1. If you check every pair at least six apart or on different chains, which have Cβ atoms under 6 Å apart with a residue in the stretch 100-120 that is among the basic types (Lys, Arg) first and a residue that is more than 15 Å from the ligand (Cβ to nearest atom) and open to solvent by 10 Å² or more (accessible area, probe 1.4 Å) second?
2. May I ask you to list pairs of residues, at least six apart or on different chains, whose Cβ atoms are under 7 Å apart, with the first in the stretch 18-29 being closer than 12 Å to residue 259 by Cα and the second being buried (at least 18 other Cβ atoms within 10 Å of the Cβ) and polar (S, T, N, Q)?
3. Residue check: is residue 124 closer than 21 Å to residue 88 by Cα, away from the ligand (no atom under 15 Å from the Cβ) and modelled with pLDDT of 95 or more?
4. If you go through the stretch 404-419, how many residues are over 13 Å from residue 360 (Cβ atoms) and surrounded by 14 or more Cβ atoms within 10 Å (Cβ to Cβ)?
5. Specify the residue that is farthest from residue 217 (Cα to Cα); the eligible residues are those in the stretch 120-173 that are of a type in the set (A, V, I, L, M) and open to solvent by 50 Å² or more (accessible area, probe 1.4 Å).
6. Is there a residue being modelled with pLDDT of 95 or more and crowded, with 17+ Cβ neighbours inside 10 Å anywhere in the stretch 30-40?
7. Enumerate the pairs (first residue in the stretch 63-87 and within 15 Å of residue 205 (Cα to Cα); second residue anywhere and among the basic types (Lys, Arg) and within 16 Å of the ligand (Cβ to nearest atom)) with beta-carbon separation below 8 Å, excluding pairs fewer than 6 apart on the same chain, so at least 6 apart or on different chains.
8. Sort out which residues of the stretch 55-79 are within 21 Å of the chain's Cα centre (by Cα) and open to solvent by 40 Å² or more (accessible area, probe 1.4 Å), and write them in order of number.
Amino acid sequence: MRSPILDYLDTVITETAHVTSGAVADYIPELASAPTDRAAVALCTVNGVVYAAGDVDVDFSIQSMSKPFAYALALADRGIDDVVARVGVEPSGDAFNELSLDPETGTPRNPMINAGAIATHALIDTEDAPAVDRVLDYFSRMAQREIRIDEEVAASELATADRNLGLAYLLHSSGVLEAEPRAAVTGYIRQCAASVNVRDLALMAATLANNGVQPNTGERMLSRVENRQVLSVMAACGMYDAAGDWFTNVGIPAKSGVAGGIIGVLPGQVGLAVFSPRLDSHGNSARGVAMMEMLSEDMGLHLMDVGRPGRTSLRETQLATVEGVDATVYVLQGDLVLSSIEALIHEIVSNPPTTPLVVFDMGRVDEVLPVARRTSSAMATKLHDAGHRVVVIDPEETLTGFTDDQGRPVELWTAERLARGISR
Ligand code: GLU
């Protein structure tokens, strides 16, 4: 049986076929000669299955979609603070190749415009492993196949690289770029010439959606905090001077490339990739933007769409005898996030338990965010201070070592122990 997801992706291709506006990038001769009528779309959820439609096997150069991944490597090498001191995180409002640096700091405004990307590329260049080899290996591990450079594209772009060279010399003179400018630009252009298709890109985007872990191999490619940093920079700066338009219409972190690709990431859910060579005036694929708008609308991907708010974690409150002691059992549910835990605390504060034993049954809880952990410790302190014994039922064993604010341990029980001990 053919998956309805594939049928839907076919529809995305046919229903955007009328978008023939825009023009291929002509400042790179090899891109100027690319067939313009190609189009492909792929998606990969955090479960790792890739669905693709259209010209799925056409390879094209990754171009600026390489930038978030090179940035990820720089963050892992040097830490966020060091990288941010050298390359900012502010949207520039300028075109991708603008010859501009932040007038206050003298640093590139962000790692998604060329100035920042050239500086970032140089940051990941090491004695043992040239930056180009490192990014190719990184792409390959995410795409689950060997990613190589399209040498024709690289040569073509190198032959017409005056603008990027100009940027690199500017960076060099302001001290941001220590490397020899020509070498940095050559490496950066080779990074951009890596040849990929929409399947590869969907897997790479899905790795970012999956919190930095490649969904099929399970390999952690970047830490949770680095992943968040990369996605935030993509959200703020990924679509160049169209960032505001993009975020209001499509509403997910994204990055476009001048060969016509765009990747998009819905955190925790899905990585998307589209391809169509003609570019709009911002340098983003015109039909690619149309495909992404359709995907976002049809599949409800917009991050600012407020779905079903998590209102309360408290499913019910039971009075019971547990192992012979009078107990108040709070049965919790769903994700423990700020709004839901606030509702629980409000209930406990306005209606304090009167039994010696207080049990929090987390059997139906899906995820405990750090804010919930901190607030629960503070709540446990107050209950301990008021003379209660506090027990948490922790079936997933996510709370090992849990204490109150004063370091007093909170008893952790299994669900079986509660079930055995309880009588109502
Ligand atoms: N290699 C291209 C350049 O530096 C990347 C630009 C892009 O994809 O937006 O001009």
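The values are calculated or read from the model by the stated rules, or taken from the named source; none is laboratory data. Computed from a prediction, not measured in an experiment: that's the story for all the values here. Neighbour counts run over all protein chains shown; Cβ positions are idealised from the backbone, glycine included. SASA here: full protein model, heavy atoms, side chains in, ligands and nucleic acids out. Shrake-Rupley method; radii C 1.70, N 1.55, O 1.52, S 1.80 Å.
1. From the stretch 100-120, the pairs are 109/88; 109/90; 109/102.
2. The qualifying pairs are 28/156; 29/156.
3. Values: closer than 21 Å to residue 88 by Cα: yes; away from the ligand (no atom under 15 Å from the Cβ): yes; modelled with pLDDT of 95 or more: yes.
So residue 124 fits the description; yes.
4. Residues flagged as over 13 Å from residue 360 (Cβ atoms) and surrounded by 14 or more Cβ atoms within 10 Å (Cβ to Cβ) within the stretch 404-419 amount to 2.
5. Let us first name the residues in the stretch 120-173 that are of a type in the set (A, V, I, L, M), namely 122-124, 129, 131-132, 135-136, 142-143, 147, 149, 153-155, 158-159, 161, 165, 167-168, 170-171.
In the following step, the residues that additionally are open to solvent by 50 Å² or more (accessible area, probe 1.4 Å) were identified as 155, 158-159, 170.
Details: 155: 34, 158: 35, 159: 38, 170: 41 Å.
The selected residue is 170.
6. Yes, there is a match, as at least one residue in the stretch 30-40 is modelled with pLDDT of 95 or more and crowded, with 17+ Cβ neighbours inside 10 Å.
7. If the second residue must be among the basic types (Lys, Arg) and within 16 Å of the ligand (Cβ to nearest atom), the pairs left are 64/255; 65/255; 67/255; 68/255.
8. Just the residues of the stretch 55-79 that are within 21 Å of the chain's Cα centre (by Cα), to begin with: 62-79.
Once the filter is applied, which keeps residues that are within 21 Å of the chain's Cα centre (by Cα) and open to solvent by 40 Å² or more (accessible area, probe 1.4 Å), the stretch 55-79 yields 76, 77, 78.
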